[in-house]
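The values are calculated or read from the model by the stated rules, or taken from the named source; none is laboratory data. This one's a predicted model, so the numbers in the text were calculated from it and none came from an experiment. Here the Cβ positions follow ideal geometry from the backbone for every residue, glycine too, while neighbour counts run over all protein chains shown.
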Amino acid sequence: MVSRVLVIALNTYREAVRARLLLGVFALALATCLYAMVVASLSLHNEVRVVADLGAAAVSLYGVLIAVVLGSTSLYRELEHKTVFPILSRPIRRWEYLLGKYLGTMLTVVVFVATDTAAVLGTLALEAGQTTAKVALPFGAMLALLGIALVRARHVRVFVMIPWSFVLAAVVWTAAAPALEDRQLVVAAALLSICEVAIVAAVATLFASFSSPFLTATFTAMVFIIGRSSDTLAHLPKKMFGESVALAFAGLARVVPNLHVYVPPRPLLLGQVASQAVWRYVGMAAAHAFFYATALLVIGALAFRKRDFS
């Protein structure tokens, strides 16, 4: 079972990496890093904070965008090209296939988040006073290593980015040592973004199991917006909106996953809240994401099991 799911996941990752959309989003992420440096130069002695906050927000936003797009189109593309029929005709269960598509989407997003986080940490290091050489040399060495690996590993070159992205993030993390607290904020925010994406991708997979790409993307975006606003919706003033409307939105906020958990206040991510350790918070958020993602995937597997492909 594990081997079958792994094959589907790696194949989904390979197709996603080759898509031009992913490269476009990554180029936009790099442009956001440059924009953060421009905005930081206009701030008054808050350059590091501006880069950290904008970078963390960009990692979260682009990660969710990729999850929505891939989750909405990956399964439909298989159905449109009719490649799903020879796959499901083999000894593989439908839920294994759906789980493999989900894990492939998650693997793609994780690689993107790791690479984008490395770019943000590099920008953060420069704003924190690190010398350009100590930032450029690790990046240059890693890019050279990537080029060599792509040339030598011709048959598996698409998978070289998986370990390379994590090593790159670790190397640049050391270079951002002058910005100790904000470096922690960026890394913690990136991990929370992955947890949030796990839920968003599961929602997209659920809707994709029985709906079209457009409706899947629309419904997933709506769930994301409601999830990010769940705290506000749960406490709408009854005098302004009416009791029935306030109760309806409060009930909706309880059903939809509370994605506001994954964008905590800045002091918490900096470790300045004595009652809540940042890494303990990240662990609890990961458990919360695992619960919701598992429940959504089970429902999606049941729906996909009853889907008629004729």
- Item | Residue check, residue 183 among the basic types (Lys, Arg), in contact (Cβ under 8 Å) with a residue 24 or more places away in the chain and either out of contact with any Phe, Trp or Tyr (no Cβ under 6 Å at 6 or more places or on another chain) or surrounded by fewer than 20 Cβ atoms within 10 Å (Cβ to Cβ) (or both) | yes
- Of the residues that make up segment 166-183, is at least one at pLDDT 90 or above and polar (S, T, N, Q)? no
- Query: Hey, any hits in segment 91-110 for a residue that's within 16 Å of residue 168 (Cα to Cα), touching a Pro at 6+ places or on another chain (Cβ under 9 Å) and crowded, with 21+ Cβ neighbours inside 10 Å?
  - Reply: no
- Item | Hey, residue 253 modelled with pLDDT of 85 or more and within 29 Å of residue 99 (Cβ to Cβ) or not | no
- Message: Looking at segment 240-266 only, could you name the residues that are closer than 18 Å to residue 60 by Cβ and without any contact (Cβ under 8 Å) to a residue 24 or more places away in the chain?
- Response: 265
- Boolean, residue 49 is touching a residue at least 40 places away in the same chain (Cβ under 8 Å) and either basic (Lys, Arg) or touching a Pro at 6+ places or on another chain (Cβ under 6 Å) (or both): yes
- Task: Determine whether residue 68 is of a type in the set (A, V, I, L, M) and surrounded by fewer than 21 Cβ atoms within 10 Å (Cβ to Cβ).
- Result: no
- Could you tell me which numbered condition residue 269 fails, if it satisfies all but one of (1) more than 30 Å from residue 78 (Cα to Cα); (2) surrounded by fewer than 19 Cβ atoms within 10 Å (Cβ to Cβ)? (2)
- Query: From 123, 132, 117, which residue is farther than 20 Å from residue 300 by Cβ, touching a helix residue (DSSP H, G or I) at 6+ places or on another chain (Cβ under 8 Å), surrounded by fewer than 20 Cβ atoms within 10 Å (Cβ to Cβ) and of a type outside the set (A, V, I, L, M)?
  - Reply: 132
- Qualifying residue in segment 202-218 (condition: modelled with pLDDT of 85 or more, surrounded by 22 or more Cβ atoms within 10 Å (Cβ to Cβ), within 28 Å of residue 245 (Cα to Cα) and β-branched (Val, Ile, Thr)): yes
- Item | Selection count where residues are in contact with an Asp or Glu (Cβ under 8 Å, 6 or more places away or on another chain) and free of Cβ contacts under 8 Å to residues at least 60 places away in the same chain, scope segment 62-76 | 1
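Can you give me the number of residues within segment 140-187 that are polar (S, T, N, Q) and more than 20 Å from the chain's Cα centre (by Cα)?
Qualifying residue count for the region: 1.
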- Out of curiosity, is residue 41 among the hydroxyl-bearing types (Ser, Thr, Tyr) and in contact (Cβ under 8 Å) with a residue 60 or more places away in the chain? no
